[in-house]
Ligand SMILES: [Zn+2]
């Protein structure tokens with residue numbers, strides 16, 4: 001293999017290494033990404049608080065209602081026991097019962113409203129809890145696939161790393177330096193010459209230049225400085 005061929009091959013290995021490394025980074029990002037699950041869990045916490053709050057309001061309302069009903073019962077007991085003879089007192093008791101009874105209906109309506117609020121929020125809690133279960137299952141499945149893919153890529157990366165060291169050892173250190181510098185500053189170090197043109201900058205390469213490059217010498221394009229390669 002000529003020097004330029006070696007450098008071209010090294011560039012292929014480096015590009016593959018870069019692609020695989022990028023793929024690995026993306027997989028690691030996805031392995032750590034549990035945003036949806038975290039969001040659903042925090043939604044569940046706040047819905048449960050709302051549920052507790054609504055249940056408490058319902059209880060309070062039930063007690064108020066029982067209280068009223070109890071009072072009515074007591075006064076009616078007095079009214080119909082026959083023990084109270086005083087007509088004025090009887091009239092007052094009747095008035096009181098009437099007033100208390102008038103409060104019962106609105107309280108009952110309010111209680112019904114609260115009960116349906118509780119049901120509504122309970123349904124929301126149930127839906128969110130189910131969603132969390134589903135997200136957890138999906139997350140676990142995804143983790144498994146991603147971990148498998150990660151390990152495959154790591155194997156490829158190890159192999160490519162070995163290929164690279166092997167090539168590196170065969171290449172003349174000065175040429176390797178030129179290659180590394182170009183890769184760093186230009187992104188790409190070796191370019192093909194096709195139909196007499198440098199594929200890095202598209203200028204026409206002088207015949208004498210590409211002939212040397214074809215012979216395997218390290219020739220850099222006079223325009224873009226990249227190393228010229230002819231198959
Ligand atoms: Zn060029």
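The values are calculated or read from the model by the stated rules, or taken from the named source; none is laboratory data. None of the values given here were measured: they were computed from a predicted structure. All Cβ positions, glycine included, derive from the backbone under ideal geometry; neighbour counts span all protein chains shown.
Report whether or not residue 196 is at positive phi, within 15 Å of the ligand (Cβ to nearest atom) and in contact with a strand residue (DSSP E or B) (Cβ under 7 Å, 6 or more places away or on another chain). The answer is yes for residue 196. Just one of the listed residues (125, 156) is in contact (Cβ under 8 Å) with a residue 12 or more places away in the chain, surrounded by 11 or more Cβ atoms within 10 Å (Cβ to Cβ) and closer than 21 Å to residue 34 by Cα, and it is 125. Quick check on the stretch 212-230. Is at least one of its residues in a strand (DSSP E or B), surrounded by fewer than 16 Cβ atoms within 10 Å (Cβ to Cβ) and within 11 Å of the ligand (Cβ to nearest atom)? Checked the stretch 212-230: no residue is in a strand (DSSP E or B), surrounded by fewer than 16 Cβ atoms within 10 Å (Cβ to Cβ) and within 11 Å of the ligand (Cβ to nearest atom).
Looking at residue 125, is it within 13 Å of the ligand (Cβ to nearest atom) and in contact with a helix residue (DSSP H, G or I) (Cβ under 9 Å, 6 or more places away or on another chain)? Quick ask: steps written out before the conclusion?
Working: within 13 Å of the ligand (Cβ to nearest atom): no; in contact with a helix residue (DSSP H, G or I) (Cβ under 9 Å, 6 or more places away or on another chain): yes.
Answer is no for this residue.
Sort through 182, 157 and tell me the only one that's within 16 Å of the ligand (Cβ to nearest atom), closer than 30 Å to residue 26 by Cβ and assigned to a helix (DSSP H, G or I). Steps first, answer last, please.
On the way: 157 fails: within 16 Å of the ligand (Cβ to nearest atom).
None of the others qualify; the one that does is 182.
Being more than 30 Å from residue 210 (Cα to Cα), surrounded by 14 or more Cβ atoms within 10 Å (Cβ to Cβ) and in contact with a helix residue (DSSP H, G or I) (Cβ under 9 Å, 6 or more places away or on another chain) is true of residue 65.
Being under 28 Å from residue 141 (Cβ atoms) and surrounded by 14 or more Cβ atoms within 10 Å (Cβ to Cβ) is the filter here; which residues of the stretch 37-62 pass it? Before you say what the answer is, go through the steps one by one.
We begin by selecting, within the stretch 37-62, every residue under 28 Å from residue 141 (Cβ atoms); these are 37-48.
Within the stretch 37-62, 37, 40, 41, 43, 44, 47, 48 meet the criteria.
Filter the stretch 200-211 down to residues that are under 53 Å from the mean Cα position of the chain (by Cα) and more than 8 Å from the ligand (Cβ to nearest atom), then give me how many there are. Working first, answer last.
First pass over the stretch 200-211, keeping only residues under 53 Å from the mean Cα position of the chain (by Cα): 200-205, 210.
Subset that is more than 8 Å from the ligand (Cβ to nearest atom): 204, 210.
Qualifying residue count for the region: 2.
Applying a threshold of 7 Å to beta carbon distances and a minimum spacing of six or more residues, or different chains, the list of pairs starting in the stretch 218-231 at a residue that is more than 16 Å from residue 207 (Cβ to Cβ) and at pLDDT 95 or above and ending at one that is part of a loop (DSSP other than H, G, I, E, B) and more than 11 Å from the ligand (Cβ to nearest atom) reads 226/189; 227/189; 227/218.
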